[in-house]
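The values are calculated or read from the model by the stated rules, or taken from the named source; none is laboratory data. Treat the numbers as computed from the prediction; the structure is a model and nothing was measured. Every residue, glycine among them, receives a Cβ derived from its backbone with ideal geometry; neighbour counts consider all protein chains shown. Just the protein is used for accessible areas: all its heavy atoms, side chains included, with ligands, DNA and RNA removed. Shrake-Rupley method; radii C 1.70, N 1.55, O 1.52, S 1.80 Å.
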Amino acid sequence: MINKNKVAFKLSALTLAFSVAFNGVAQEQSDAGTNKTSTNETSTNEISADEANKQDDAYNQRMLIIGAREKLNTEAGSATVIDEEALEKFEYDDIHRILAQVPGINIRQEDGYGLRPNIGFRGVTPERSKKINILEDGILIGPAPYSAPAAYYFPMVSRLTSVEVFKGPSAILYGPNTVAGTLNLQTRQISGYSEGMIDLSVGSDGYRKTHGYVMQSKGNLGFLFEGLNTQTDGFKELPDGADTGFDKNDFITKVRYDLNGQDYDQVFEVKLGYADEVSDETYLGLTDADFAVNPYRRYAATQLGKMDWEHEQFQFNHFLEGKSFDLTTRVYRNNFERAWRKINNFRQSGNPATQRSLQEILQSPEDGINAIYYQVLTGEKDSEGLFEQLLIGTNDRSFYSQGVQSDLRWKLDWADLSHDLKIGIRYHEDEIERNHTEDSFDMRSGQLVSTGNSTELTTANTELSEVWSVYLQDTLNFDEWEFTFGIRGEFIDSFYQNNLAGQENDWLKKSTTVWLPGASVFYSLDSQSGLFMGVHRGFIPTSPKQAPEIDIEESINLELGYRYHSPNTQVDLVGFMSDFKNLTESCTASTSSACFSIIDQQFNAGKVDVYGLEASFAHRFGLTKSIDFPFSVVYTYTNAEFQETFSSDFALWGNVTAGDPVPYLPENQLTISFGLEAAKWRTNLLARYTNSMFEAAGTDVALSGVSTDSLMVVDFSAAYDFTKFGSLYLKVDNLSDETKIISRRPFGARPSKPRQVFLGYKYRW
Amino acid sequence: MKKRFLLQQTALSVSLVLYMSACSDSSSSSAGSGFNGGSGNGGGVVTEFDESTLVANLTNNVITPTFQNFGSLTTQLHQSVDQYCNLEKSFNAGNATEQARDDQKLLTQNQWKDSMSEWQKIEVMQLGPLITDQSSLRNKIYSWPVVNTCAVDQDVTFFNEGTINGAPYDIKQRVVTRRGLDALEYLLFNTVLDHSCTASTAPAGWDSLTDNQRREWRCQFATEVAKDVADNTQVLLDGWSGSGGYAQSLLNAASQPGSDFANVHEAVNRISDAMFYVDSVTKDAKLGVPLGISDNSCQQNICPQDLESQFANQSLANIRSNLVSLKALFTGELATGNASDTTGFDDFLVEEGAQTTATEILGAIDAAIANVDAYQENLSDTIQSDATQVQATHAQVKAITDQLKEDFINQLSLELPASSAGDND
């Protein structure tokens, strides 16, 4: 049924068509495409001339979706850029902590390190970040964004030089998921200079970071090699004292060649990447009572938990720049393989009266037979009966994601109007192949011992998507007004095939065509401020194996905002509303153990209304001639409610009544950061507050009526620059050592990261 | 001029994109015959059949009488265990003969078998109070396969000492493996007077008791367990009957107030869910696991220790009761009943034009019961001496459940319970 590993890029005609079509156009000189400075909403430090020149590079700007700006951004959407300097302030390894500085983000933490992030924007559920677009250098970086959008791979954030978050009508430029927005992660760009860096850091729980890069340029040729290793023994405690942390590696290399002509400049770049992770992680948390005694405890039954993955990436970019247009073409291929060994459940007796999910056991560990299961989980009791055998599953999955995309930016005057055209086309193909197995173990004196039963193949299937995407957006300038109209088309062919023996007839073929329009207007009040409004259609595709009865997720998204931007002050105020015609969710092991028998099954919830407010304010006060006081406040209010009454088997929903809240959406989030910064040193403090969140919407599911704790976390950082001898930095995550329940999923209460102290040394040349 | 043009262009563009988005979405699909388990069930039903009659008959004439009969039996069982234990104590005091004690014990064992036989019918009728609160009540009455003889041995000691960890012993607070019909089976039928625990979990002082003392301690605890079973059965009857009972909720399911169901079809589906016990438990857990078709305690070899009834050897009788109960629900008629209304699922199928399915399912149930009746030995002995006979029984039960999972569900537009959505075959 499925032609595996197909490498049909179908690119040449496409690229050529664009190149030829626009060779002769655009006579008018403009300042197309390149915004020339690095100011952003979170950092306005002055930068060196060299730095500015590097960021001037039009090609490097194209790897961004928002770009660096010093003037008022007139796009009608919420756009936030966290640049390298801002990223270095707190030296975060965890994308969750970085995104605390961005309004409109909702997060469900899980392991404390952010190894497998759960990120949502503007009220969309954050499960495995599957409803947002995650890009690296403008390319979809998820393992299989259409076929299996759960982001089990996420780039290591320490090697990023910019994090961009974009929400609003221009989301239609970055499909497939347009209900929420796009997160673009920019890797280090070859600057044209020869430079390098080494960054060494040690910290609590055996934390070690080794990070460095070398960049060389000679004439038109430049290359970059960057390597990063992060490891820790982990802050959780197994009864046998084994590690609970991780060891991650990430290597990236780029080669760039510039070809400058009289009429056109071109850039050719190849990027190769390799990353791996071995982490002693588990999906099993604690009972609330055990959490109160020691939130960092891990039960004996989790001792075999391990995530082991490898990621490879290849990307070839071609950039063609003329006087009034530029064309970026990217060819990409990402391979991802993971084997996730974790406790799935107790052996299922087939008798619903005595079967319990891990979630049910941990939620009421003293009720009835749960007490028996609980004692086995903790190792207090040996397995005796068949029902006390533990099933450890290894979810082995192979993914690839490949394609070619071309993006044209063209400024022209036509019919007495200035047009800023954005046109793109992409052919994308991705696949997931699942081979899930299960082994049974007995608990014996606190150790898991194999029962001797043979390994059972529980799931074997393939999902494949072949997709053409196109978009066209035009921005018309007229005095103080800027009107933008756009549309995106998604043409999805998907295939599902069950690969288990005897299941050859279990297959599904689907074709979906969707058009996603968007429109917005920006009105400039003056050169520093403006009002904007936008509307666009949100969409999230269903995965290939979902039955045709499962509807696509779609919404109408509205927003209204005000923006102010001056060299030292930025203000953004955005009200948003998303009217979901049909909200969908999928059942993964990360959601609940009740999902194991229906893994990746999707569910409909019907109408859901989400509305909220994003507000951010940043200002840089000059305390003295040499000391600044940067200050920022970010606030998000979100309200999301189901509009229909329904019953669902989905573990996050249950029996929902219209008006019930959507789970894992905090009503209020507030982040305040400030610091003291001088030429040689800086200190910064970041405090963020997150409301409690419902863990389930309706009744009759394991976590009905249960909420996470409200959480206040304060992070501190300080650095001193020895100029020629590098810089020393100190940071303390969770200064007050406050540990709260950040979620009870996948199963049981999970702690936030405790206080951790890090000391690092960074040397640049 | 320029402004007017811009406005025209704006209007045109907006109209264009709205038109395209409104009119141009499309989707199509094709699926293999095995997709979604081959089930084309859409969930809704438009039928001329009066489903409320079906629900009323099954509630009033099949399920309620079975529950009530079990209530009477457990009361008698408690009395019988009490009489037996009095004789055990009298015998130890020299006031009764061994024969009198043994005769009463045999009567009590038979009383337990009768109770278990009736309970095994109720296993296929797990509804309302039996499944609420994570089946807490069901597990208090009978918790198999979650059983633990050592736990029972420990509670024999705790009960007779009257305290546990310094607090008065209260069986109502004890975990379900230490009570219920399964614990009673161990106490009444187990002839080994040693405890079944490991050295680290052995009941304190047990080894120093004489055999007579051990029998007496066990029977005294058995009396407490039998009383607890009778008490819990009364809780079941209270939760089932009366104006606020679950039976009334089922009867009111036809869109009347005071029901847990949105419509009567939902109530029919709930009863259908209960019937699938025969698939996931009777077929898979009671036959498939001991046969090694599924993982078991013997590396998927023949495994008599995974059979349901380890001490009374009632495994086969239990399977028979399950099948008899399924037949009663399917036909709307108890084997002993003489109700005038016998509306069952068979009638529903006939009304939906599936006479063949009705006939085939009934035939498969009768064939499976006949297969069980043909055994010459108990299931434990047979599975070791002639596994093919047990495999044949498994196949007979599978013939029923295959029909239930496909034709039955599809013809009546019912949904499979989650426990039977996958196939363990």
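For region A:12-764, the C-alpha radius of gyration divided by 2.2 N^0.38 Å, with N the number of residues, is 0.94. Remark: the protein assembly as shown carries a charge dipole of roughly 2960 debye about the Cα centre, counting +1 on each Lys and Arg Cβ and -1 on each Asp and Glu Cβ.
Other residues whose C-beta falls under 11 angstrom from the C-beta of A:GLU127 contribute a net charge of +4, scoring Lys and Arg +1 and Asp and Glu -1.
Pairs exceeding 30 Å between alpha-carbon atoms, taken from A:LYS306/A:LYS381; A:LYS130/A:LYS209; A:LYS271/A:LYS545; A:LYS131/A:LYS381; A:LYS236/A:LYS381; A:LYS209/A:LYS236: A:LYS271/A:LYS545; A:LYS131/A:LYS381. In the assembled protein chains, A:PHE722 presents an accessible area of approximately 90 Å² (probe radius 1.4 Å). Counted residue by residue at 0.36 nm each, then reduced by the alpha carbon distance between them, the extension gain from A:VAL270 to A:MET197 reaches 24.1 nm. For a modelled paramagnetic label at B:THR336, 7 Å from Cα along Cα-to-Cβ, the residues of region B:51-92 in reach, with backbone nitrogen under 14 Å, are B:62-77.
Would you work out which of B:SER90, B:GLN76, B:VAL278 lies farthest towards the positive end of the dipole of the protein assembly as shown? Charges go on Cβ: Lys and Arg +1, Asp and Glu -1. My answer, from the dipole projection, is B:VAL278. Each part gets one Cα centre, and for region A:297-376 versus region B:94-139 those centres are 45 Å apart. Within the shell defined by Cβ-Cβ distances under 10 Å, the residues around A:ASN370 carry a net charge of -2, with Lys and Arg each +1 and Asp and Glu each -1. Residues within the reach of a label modelled at A:LEU560 (point 7 angstrom out along Cα to beta-carbon, backbone nitrogen below 20 Å), restricted to region A:524-540, are A:524-526, A:529-538. Tell me, what is the percent relative contact order of region A:268-406, built from C-alpha pairs under 8 Å that lie six or more residues apart? Once divided by the residue count of region A:268-406, the mean separation gives 28 percent. Helix B:132-141 and the longest principal axis of the C-alpha atoms of chain B enclose an angle of approximately 20°. The distance between label points at B:SER26 and B:SER200 comes to 6.8 nm (points 7 Å beyond Cα on the Cα→Cβ vector).
Would you mind getting me the FRET efficiency between B:THR191 and B:ASN95? Use the beta-carbon distance for r and R0 = 22 Å, nearest 0.05. Taking R0 as 22 Å, the efficiency between B:THR191 and B:ASN95 is 0.40. Checking the Cα-Cα distances for A:LYS218/A:LYS680; A:LYS411/A:LYS607; B:LYS105/B:LYS327; B:LYS105/B:LYS172 against a 29 Å cut-off, the pairs over it are A:LYS218/A:LYS680; A:LYS411/A:LYS607; B:LYS105/B:LYS327.
Which is the longest stretch in chain A that no exposed loop site breaks, taking sites as GluC sites (Glu not before Pro) with a DSSP loop state and at most 16 other Cβ atoms within 10 Å?
Working: sites that count: A:GLU28, A:GLU46, A:GLU70, A:GLU366, A:GLU380, A:GLU480, A:GLU504, A:GLU549, A:GLU644, A:GLU667, A:GLU738.
By the stated rule (loop sites, at most 16 other Cβ atoms within 10 Å), A:71-365.
Considering only B:GLN391, B:PHE348, B:LEU326, the residue lying farthest towards the positive end of the dipole of region B:276-416 is B:GLN391, judged by Cα position with unit charges set on Cβ. Remark: relative contact order (chain B) = 21 percent; criterion is Cα-Cα distance under 8 angstrom and separation of 6 or more residues. Packing around the peptides A:578-584, B:353-359, B:218-224, A:523-529, taken as the average count of other Cβ atoms within 10 Å per residue, puts them in this order, highest first: B:218-224, A:578-584, B:353-359, A:523-529. Backbone phi angles across region A:121-130, fed through the Karplus curve with coefficients 6.51, -1.76 and 1.60 (θ = phi - 60°), yield HN-Hα couplings of 10, 6, x, 6, 5, x, 3, 6, 6, 7 Hz in residue order; Gly and Pro are listed as x.
What number comes out for the charge environment of B:PRO129, summing +1 per Lys or Arg and -1 per Asp or Glu over other residues with Cβ under 14 Å away? Walk me through the numbers before you get to the answer.
Values: positive: B:ARG138, B:LYS140, B:ARG270; negative: B:ASP133, B:ASP231, B:ASP238, B:ASP260.
Neighbour charge sum, excluding B:PRO129 itself: -1.
With unit charges on the beta carbon (Lys/Arg positive, Asp/Glu negative), name the residue among A:GLN61, A:TRP515, A:GLN359 whose Cα is farthest towards the positive pole of the charge dipole of the protein assembly as shown. With unit charges placed on the Cβ atoms, the residue in question is A:GLN61. Between 0 and 90 degrees, the angle of helix B:2-23 with respect to the longest Cα principal axis of chain B falls at about 40 degrees. Note on region B:52-240: with charges restricted to the Cβ of Lys and Arg (+1) and Asp and Glu (-1), its dipole about the Cα centre is near 280 debye. Each Cα pair under 8 Å and six or more residues apart adds its separation to the average, and for region B:276-416 the resulting relative contact order is 26 percent.
Suppose R0 equals 35 Å. What FRET efficiency, 1/(1 + (r/R0)^6) with r the Cβ-Cβ distance, do A:ASP700 and A:LEU457 give to the nearest 0.05?
On the way: r = 32 Å, r/R0 = 0.93.
E between A:ASP700 and A:LEU457, to the nearest 0.05, is 0.60.
Using a simple spin-label model with pseudo-atoms 7 Å out from Cα toward Cβ, A:ALA547 and B:VAL235 lie 3.7 nm apart.
With the simple spin-label model, which puts each label point 7 Å out from Cα in the Cβ direction, the A:GLU237 to B:GLU161 separation comes to 3.1 nm.
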